[in-house]
Amino acid sequence: MRLDKYLAETAQCTRSEAKTLLQKGRVTVNGAVCKKGDTQLKDSDTVAVDGQPLAYQQFVYLMLNKPEGVVSASTDKRDTTVVDLIGDAYPRRELFPAGRLDKTSTGFVLLTDDGGFAHEILAPKRHVSKTYTVVIDTPLTEEMRKGFAEGVTLADGTALSPAEVSALSEDGLVVRVVLKQGVYHQIKRMFGVFDAGVNALHREVIGPVALDDALVPGQWRELTAEEVNALRAAAKPKN
Ligand code: URA
């Protein structure tokens, strides 16, 4: 890869900003100042800006705590999107949400620019589970629990795969739901089959990775390499 392209991608700057860094002699390759943007880098080269080595990241993987009222899209004419919340932290990346939460729902949204990874995580056959805390408007019943475990058939005839639901509060109004599918409005429609409404829905966990509880609504952080690997492992085809 050319040095100016590498700089723009790793230092998250534009090509012209990269050019300025080069002209000012702030960039070194293997310790020697290099001012030529068209220098071809080898895998073993170490590039540094102001003495700080850069690590090339092929893709970006983020964990966001989505607030209510924000839409799970890259752009929207009316509403703030999950990608808007990332601001200009990754100006040269085309981030998108890998999986959606409703506008009224909150919690863990994964954002990436790695289409292959998103596909693996979302493919229905890969069965990557998602865990939600849900507030319902009528207490959880044994009928609901059994119905979820057997697989709910939605009003339009869609037969869903088995899901888990368990009470988190004594009154049965706060429940945990674990899904291995992602059908539009799935949890709301599942409870709707039992004439129960959903008052709040928060995604806590995707596969083996839990939403970092240090993130307040609207905050995000990069996934660690361990978290990305754990998600990849969870999405491996099962025999
Ligand atoms: N199920 C829903 O109904 N809404 C969500 O946002 C996620 C799952």
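Residue-level analysis places Thr75 among those that are β-branched (Val, Ile, Thr), farther than 27 Å from Thr224 by Cβ and within 30 Å of the chain's Cα centre (by Cα). For segment 208-231, the condition of being assigned to a strand (DSSP E or B) and within 16 Å of the ligand (Cβ to nearest atom) holds for none of the residues. For segment 32-49, residues that are more than 14 Å from Asp4 (Cβ to Cβ) and modelled with pLDDT of 95 or more total 2.
If you go through segment 119-148 and keep only what is without any contact (Cβ under 8 Å) to a residue 24 or more places away in the chain and closer than 20 Å to Glu204 by Cβ, you end up with just Arg145.
Gly192 fails exactly one of the following numbered conditions: (1) away from the ligand (no atom under 11 Å from the Cβ); (2) more than 28 Å from Phe117 (Cα to Cα); (3) not in a loop (DSSP other than H, G, I, E, B). What is the number of that condition? Every listed condition holds for Gly192 apart from (1). Of everything in segment 26-55 that is assigned to a strand (DSSP E or B) and in contact (Cβ under 8 Å) with a residue 24 or more places away in the chain, the residue that is surrounded by the most Cβ atoms within 10 Å (Cβ to Cβ) is Val27.
Assessment of segment 169-192 against the conditions (closer than 30 Å to Gln57 by Cβ and of a type in the set (A, V, I, L, M, F, W, C)) yields no matching residue.
Condition check ((1) more than 30 Å from Asn199 (Cβ to Cβ); (2) under 10 Å from the mean Cα position of the chain (by Cα); (3) of a type outside the set (Phe, Trp, Tyr)) across all residues:
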| site | (1), (2), (3) |
| --- | --- |
| Asn30 | yes, no, yes |
| Val49 | yes, no, yes |
| Leu62 | no, yes, yes |
| Val71 | no, no, yes |
| Glu94 | yes, no, yes |
| Ala98 | no, yes, yes |
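Listed by first and then second residue, the pairs linking a residue in segment 165-186 that is on the phi > 0 side of the Ramachandran plot and open to solvent by less than 30 Å² (accessible area, probe 1.4 Å) to a residue that is assigned to a loop (DSSP other than H, G, I, E, B) and away from the ligand (no atom under 12 Å from the Cβ), with Cβ atoms under 8 Å apart and 6 or more places separating them unless they lie on different chains, are Gly172/Pro139; Gly172/Leu140; Gly172/Thr141. Does Arg126 meet the test of being basic (Lys, Arg), at pLDDT below 95 and surrounded by 15 or more Cβ atoms within 10 Å (Cβ to Cβ)? Answer is yes for this residue.
Flag set for Leu154, criterion: open to solvent by less than 60 Å² (accessible area, probe 1.4 Å), more than 17 Å from Gly107 (Cα to Cα) and within 16 Å of the ligand (Cβ to nearest atom).
Any chance you could count how many residues in segment 162-187 are part of a strand (DSSP E or B) and either among the small types (Gly, Ala, Ser) or within 11 Å of the ligand (Cβ to nearest atom) (or both)? So the answer is 4.
The values are calculated or read from the model by the stated rules, or taken from the named source; none is laboratory data. All values reported here derive from a predicted model rather than from experimental measurement. Cβ: placed from backbone, ideal geometry, glycine included. Neighbour counts: every protein chain shown. In case anyone asks, the SASA skips ligands and DNA or RNA and just uses the protein heavy atoms, side chains included. Shrake-Rupley method; radii C 1.70, N 1.55, O 1.52, S 1.80 Å.
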